[in-house]
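Engineer: First the structure, then my questions, so here it is.
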Amino acid sequence: MEHVKCLIIGSGPAGFTAAIYASRANLDPVLYEGIEPGGQLTTTTEIENFPGYPEGIDGSAMMNDLRRQAARFGADIRSGIVTEADLSSRPFRLKIDGGKEIAAETLIVATGATARYLGLPSETKYRGMGVSACATCDGFFYRKQDVAVVGGGDTACEEATYLASICRHVYMIVRKPFLRASKAMQERVFATPNIEVLFEHNTVEVLGDDDGVTGALLRRNDGEERTIDITGFFLAIGHHPNTDLFKGQLELDDEGYIKVAGATSKTNVEGVFAAGDVKDPQYRQAITAAGSGCIAAIDCERFLLAQK
């Protein structure tokens, strides 16, 4: 069985930043990229709000930069998925792709969170071409245009009001006859003149052409259909943190996000640290994920030093 000092699971901004810091601290980290090498940013066409790229950068290109930087300092980056984890004692025992076993003195979990989509083929077709699960990330590209937000909770209301500040018109597509959001968020939505709430509507299909999204076909609960003309289609129906592997071992909140102690990355299991979207239901930005990857690596280094 292979024995490693620091094992990192996940290859988004949090995982690669943790690998950079852990490598520079001589922790000889081994990083497994997981099911989606590069994380969610590989599905984003252009990123304009990550510091250091004044002209913007393609999501996949940025993740390649982070990967090369981690490799430059000696991180051992491997393809593969951690399929089993036993955190009952140190060293932790993990299984890769159902076969290879690794014993890890410390573990940094940076497995991220997956945005929930409607499951429409057309939604997948236009992902990154008008379909997005992050208004804060991509809304800027649709300023002075007409867009739609799917969802009726607090997140959907927040995204709609944000988009309303930069877009011409915002449709909220809500399948129920009411908003699930807090009273304050509802009042904010109804007080914003360029937000139109379409209650009891579901999306049948996202419409588009070679240049991207051009509209959406909606069906009301009574069967009546209508088409709206939009260039941006934003999903705000929640995220699923990738923590199934750790249920019953790491302390999770009601939504499945890993709980950490205060501003640290420390979980309820000594020697296990969490970074990025897997422990952050609030911000879910590349820059905050990268920052928490730094925190996790430093926490990991200090933990190992204290064991000597």
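Read-outs throughout are calculated quantities, based only on the coordinates presented, and are distinct from any laboratory measurement. Just so you know, these numbers come straight off a predicted model, no measurement behind them. Reconstructed Cβ throughout: ideal geometry from the backbone, glycine too, with neighbour counts over all protein chains shown.
Engineer: Run the numbers on the stretch 117-235 and let me know its relative contact order in percent, using alpha-carbon pairs under 8 Å that are six or more apart.
Structural biologist: Numbers: 253 pairs, mean separation 36.6, N = 119.
Once divided by the residue count of the stretch 117-235, the mean separation gives 31 percent.
Engineer: Among all the lysines, which ones have a C-alpha under 21 Å from residue 5's C-alpha, if same-chain residues fewer than 8 places away are not counted?
Structural biologist: Of all the lysines, those that pass the test against residue 5 - Cα under 21 Å, at least 8 places apart if same chain - are 95, 100, 266, 308.
Engineer: While we're looking at this one, here's another question. For the chain, what does -39500 (n - 2.57) per DSSP helix run (n ≥ 4), summed and divided by total residues, give at 222 nm, in deg cm²/dmol to the nearest 500?
Structural biologist: -7500 deg cm²/dmol, from helical runs alone.
Engineer: Can you run the Rg to Rh ratio on the stretch 196-272? Use alpha carbon positions and the Kirkwood inverse-distance Rh. Intermediate results must be reported in sequence, preceding the final value.
Structural biologist: Values: Rg = 20.3 Å, Rh = 16.3 Å.
Ratio of gyration radius to Kirkwood radius: 1.25.
Engineer: Could you work out the relative contact order of the chain? I mean the mean sequence separation of Cα pairs under 8 Å and 6+ apart, divided by the number of residues, in percent. Don't skip to the end; give the middle numbers.
Structural biologist: On the way: 716 pairs, mean separation 63.4, N = 308.
So the answer I get is 21 percent.
Engineer: Can you give the three extents of the C-alpha atoms in the stretch 67-121 along their principal axes, from longest to shortest, in whole Å?
Structural biologist: 43, 32, 19 Å, listed from the longest principal axis down.
Engineer: In addition: Give me the percent of DSSP beta bridges within the stretch 1-125 that run antiparallel, rounded to the nearest 5.
Structural biologist: Working: 10 of 23 bridges.
Antiparallel: roughly 45 percent of the beta bridges in the stretch 1-125.
Engineer: From the C-alpha coordinates alone, can you work out the Kirkwood hydrodynamic radius of the stretch 117-235, in Å? Provide the component values of the computation, followed by the final result.
Structural biologist: Values: mean 1/r = 0.0718 Å⁻¹.
After inverting the pairwise mean of 1/r, the radius is 13.9 Å.
Engineer: Pairing rule first: another cysteine's C-beta must sit under 4.7 Å. Under that rule, which cysteines of the chain stay single?
Structural biologist: 6, 157, 167, 294, 300
Engineer: Right, here's the next one. Suppose we take every Cα in the stretch 43-99 and form the convex hull; what volume per residue is that in Å³? Mind dumping the intermediate values first?
Structural biologist: Working: hull volume 8.3 nm³, N = 57.
Here the figure is 145 Å³ per residue.
Engineer: Shifting gears a bit: Determine the dipole magnitude for the chain: charges of +1 sit on the beta-carbon of Lys and Arg, -1 on that of Asp and Glu, nothing else is charged, the reference point is the Cα centre, and the result goes in debye to the nearest 20. Don't skip to the answer; put the middle values down first.
Structural biologist: Numbers: 31 positive and 42 negative charges, 141 e Å.
Using Cβ point charges on Lys, Arg, Asp and Glu, the chain gives about 680 debye.
Engineer: Can you list the equivalent-ellipsoid semi-axes of the stretch 30-75, largest first and in whole Å, using the square root of 5 times each Cα gyration tensor eigenvalue? Walk me through the numbers before you get to the answer.
Structural biologist: Details: eigenvalues 81, 40, 8 Å².
Ellipsoid half-lengths, sorted descending, are 20, 14, 6 Å.
Engineer: Just to check I understand the Karplus step: with θ = phi - 60° and J = 6.51 cos²θ - 1.76 cosθ + 1.60, what whole-Hz values come out for the stretch 207-216, glycine and proline as x?
Structural biologist: 9, x, 9, 5, 8, x, 5, 10, x, 8
Engineer: I need the peptides 20-26, 97-103 ranked by packing, meaning the mean over residues of other C-beta atoms within 10 angstrom, with the highest value on top.
Structural biologist: Numbers: 20-26: 20.4, 97-103: 12.6.
Most protected by this proxy first, the peptides run 20-26, 97-103.
Engineer: Along the charge dipole of the chain, pointing to its positive end and built from +1/-1 on Cβ of Lys, Arg, Asp and Glu, which listed residue (182, 60, 198) has its Cα farthest out?
Structural biologist: 182
Engineer: Ranked highest first by the average count of other Cβ atoms within 10 Å around their residues, in what order do 216-227, 295-306, 3-14, 274-285 fall? Show your work: numbers first, answer last.
Structural biologist: Values: 216-227: 13.3, 295-306: 19.2, 3-14: 26.6, 274-285: 23.3.
So the peptides 216-227, 295-306, 3-14, 274-285, ranked by packing, come out 3-14, 274-285, 295-306, 216-227.
Engineer: Give, as a single signed number, the net charge of other residues whose beta carbon lies under 11 Å from the beta carbon of residue 112, with Lys and Arg counted +1 and Asp and Glu -1.
Structural biologist: Values: positive: 279, 284; negative: 36, 277, 280.
Charge balance near residue 112 sits at -1.
Engineer: For helix 59-72, what angle does its Cα long axis make with the longest principal axis of the chain, in degrees from 0 to 90 and rounded to 10?
Structural biologist: 10
Engineer: Could you run the Debye sum over the Cα atoms of the chain, one equal point scatterer each and no solvent, and tell me log10 of I(q)/I(0) at q = 0.07 Å⁻¹, two decimals?
Structural biologist: Taking Cα atoms of the chain as identical point scatterers yields -0.31.
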